[in-house]
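First comes the structure, then the notes that go with it.
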Amino acid sequence: MLQKKKILITGGAGFIGSHLCERLVEEGHEVICLDNFFTGFKQNIAHLIGRPNFEWIRHDITEPIKLEVDQIYNLACPASPIHYQHNAIKTIKTNVLGSINVLGLAKRVKARILQASTSEVYGDPHQHPQTEEYWGHVNPIGIRSCYDEGKRVAETLFFDYHRMNKVDIRVIRIFNTYGPRMHPDDGRVVSNFIVQALQGKDITVYGDGSQTRSFCYVDDLVEGMMRMMNQDGFLGPVNLGNPHEFTIKELAEIVIRKTKSKSKIQYLPLPSDDPRQRRPDISRARAQLQWEPKIALEQGLDKTISYFAAALS
Ligand code: NAD
Ligand code: UDP
């Protein structure tokens, strides 16, 4: 039988957070969605508002908050390069002060707390695919550093709060995730390509398109997050992502084919510090969580294209 829990999701009105809120509300938990609505939208949680086991709070995690909860998923942080670079100092504050605040809350109320870390902690990796043992190759002073280094410090804080204060932490490293409710103009590759293809605009491939990424559908990710949260005796870090790797040019071609678009590929300069290749080694997630993604890129793209087709019409 379900043990009903009080669960706080920071960043709950964002892309991934809104899917997580939905799953936890469906399972009957008491869900509190906290967001400052920087990149999140009330629209993303509109279908949950009014449900008796769902509430939302406008709050910024750089300020402390007092709540009584059993579990915390800490997702608050802009995730797309355009958004996290918009106010780089605020991004660092969210990762450092924000983490300290939510860890302080977890410590006070003895809640289990999961940090949404990222594959960006590996930077432009020299190890491929990336295992959790790899320490990364990150530029500390580049334009992506506010996010990459911010997330690295957040991981450090989580493990220090665990070592010093026995806070019950979980750390996941999320690889590129896509699906419905991605922000249509946050510049991430899947949403950009789909929107461009549906609107018949040029598909903007940065560099020669030979750089690689591995794309995980959001429902698979949410399943992995919940398994990690509810697993006893395993703190992580654990990679959560889809191990099938594609070049960005391949992605552009698949999106053009699926949308039957007449769009042409336009090649633009590669942004600085753009990682050359990225693919998770998910052996640890398979062994510890019995988790692996189930939704192939072709299938997930169909769902995402349908969402954007409806959202743009
Ligand atoms: P998103 O931008 O859609 O969601 C982030 C949410 O956090 C938004 O609703 C935003 O308004 C909120 N937020 C930002 N700063 C805040 C603050 N200071 N206080 C309160 N709320 C704040 O991004 P997403 O793709 O849903 O990502 C969610 C989390 O997962 C982020 O922490 C991100 O770093 C991590 N992640 C995402 C991906 C991905 O591919 N989407 C990959 C790796 C890690
Ligand atoms: N990218 C691209 N065209 C776009 C947006 C992104 O070619 O319109 C590339 C980008 O340079 C990177 C990859 O796609 O190599 C993934 O970019 P995204 O911003 O989605 O994620 P991240 O770089 O953080 O993995």
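The values are calculated or read from the model by the stated rules, or taken from the named source; none is laboratory data. Predicted model only: the values in this text are computed from it and were never measured. Quick note on the areas: whole protein, heavy atoms, side chains included, nothing else; ligands and nucleic acids left out. Shrake-Rupley method; radii C 1.70, N 1.55, O 1.52, S 1.80 Å.
Per residue, the chain exposes 44 Å² of solvent-accessible protein surface, assessed with a 1.4 angstrom probe and all protein chains in place.
Considering only Y84, Y122, Y267, the Gaussian network model of the chain with Cα springs below 10 Å gives its largest mean-square fluctuation to Y267.
The candidates W56, W135, W291, arranged from most to least accessible area with a 1.4 Å probe in the full protein assembly, appear as W135, W56, W291. Based on C-alpha pairs under 8 angstrom that are at least 6 apart in sequence, the chain has a relative contact order of 17 percent. Protein heavy-atom surface of the stretch 5-60, 1.4 angstrom probe: 50% of the accessible area is carbon and sulfur, with nucleic acids and ligands not counted. Taken as Cα centroids, the stretch 225-240 and the stretch 33-99 sit 21 Å apart, rounded to the nearest whole angstrom. Shown for the stretch 74-198: lysine pairs separated by 8 or more places, or found on different chains, whose C-alpha atoms are under 22 Å apart, numbering 7. Over the chain, dividing the summed -39,500 (n - 2.57) contributions of all DSSP H runs of at least 4 residues by the number of residues returns a 222 nm mean residue ellipticity of -12000 deg cm²/dmol.
By the rule of a C-alpha distance below 27 Å, with chain neighbours fewer than 8 residues away ignored, the lysines paired with K264 are K201, K249, K303. For the stretch 230-313, the fraction of 1.4 Å probe accessible surface lying on carbon and sulfur atoms is 51 percent.
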